[in-house]
Amino acid sequence: MMLLVRELMAATFLVVGLSHTAHPRLWRQLFLDLGRMPYAPFIIAIVTFPIGLVTILCHNVWAVHPSTMITIFGWGMTLKSVVYVLFPSAFEKTARKSINDTSAAQIRVFQVSTLAISAVSGWILVDGWV
């Protein structure tokens, strides 16, 4: 089960990360539109909580290895979901801060960071297949 979760999450991070890198303005618009809904934190939590929880239950690996990134992201998704459900105003505070910065430098930082996550995810996938 651990390998299944590792490969599934690595493939997901790879594809979504490349999409974020290629289309940062569309992703920003998605979150702007989502942010207009007062129940946005609950929508995000409904999606990310089960994914994060399955990840930490089946892939709670703490080692010096790239796949530890999956564990860290699993914990991040789970904790973020709990915060959003218990304190919905936290979404508004964090989302507005990051979405409102539309400078070219901020978009480039976003693209580089998502590309780095995609690269590590690709490494995890290749490592699992060899």
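Values in this text are rule-based calculations from the coordinates and carry no lab data. Predicted model only: the values in this text are computed from it and were never measured. Note that each Cβ is placed from the backbone with ideal geometry, even for glycine, and that neighbours are counted across all protein chains shown.
Worth pointing out:
- Contact map, the range 12-24: residues that are farther than 19 Å from Met77 by Cβ paired with residues that are among the aromatic types (Phe, Trp, Tyr) and in a helix (DSSP H, G or I), Cβ distance under 8 Å, separation 6+ or inter-chain. Pairs shown: Pro24/Phe110.
- In the range 1-29, the residues that are of a type outside the set (A, V, I, L, M, F, W, C) and in contact with a His (Cβ under 9 Å, 6 or more places away or on another chain): Arg6
- Close pairs from the range 35-50: first of a type in the set (Phe, Trp, Tyr), partner assigned to a loop (DSSP other than H, G, I, E, B) and surrounded by 15 or more Cβ atoms within 10 Å (Cβ to Cβ), Cβ under 9 Å, at least 6 apart: Tyr39/Pro88; Phe42/Pro88
- Restricting attention to the range 46-97, the residues that are part of a helix (DSSP H, G or I), among the polar types (S, T, N, Q) and farther than 18 Å from Leu34 by Cβ add up to 4.
- Residue match in the range 11-23 (condition: within 17 Å of the chain's Cα centre (by Cα), over 20 Å from Gly128 (Cβ atoms) and loosely packed, with under 14 Cβ neighbours inside 10 Å): yes
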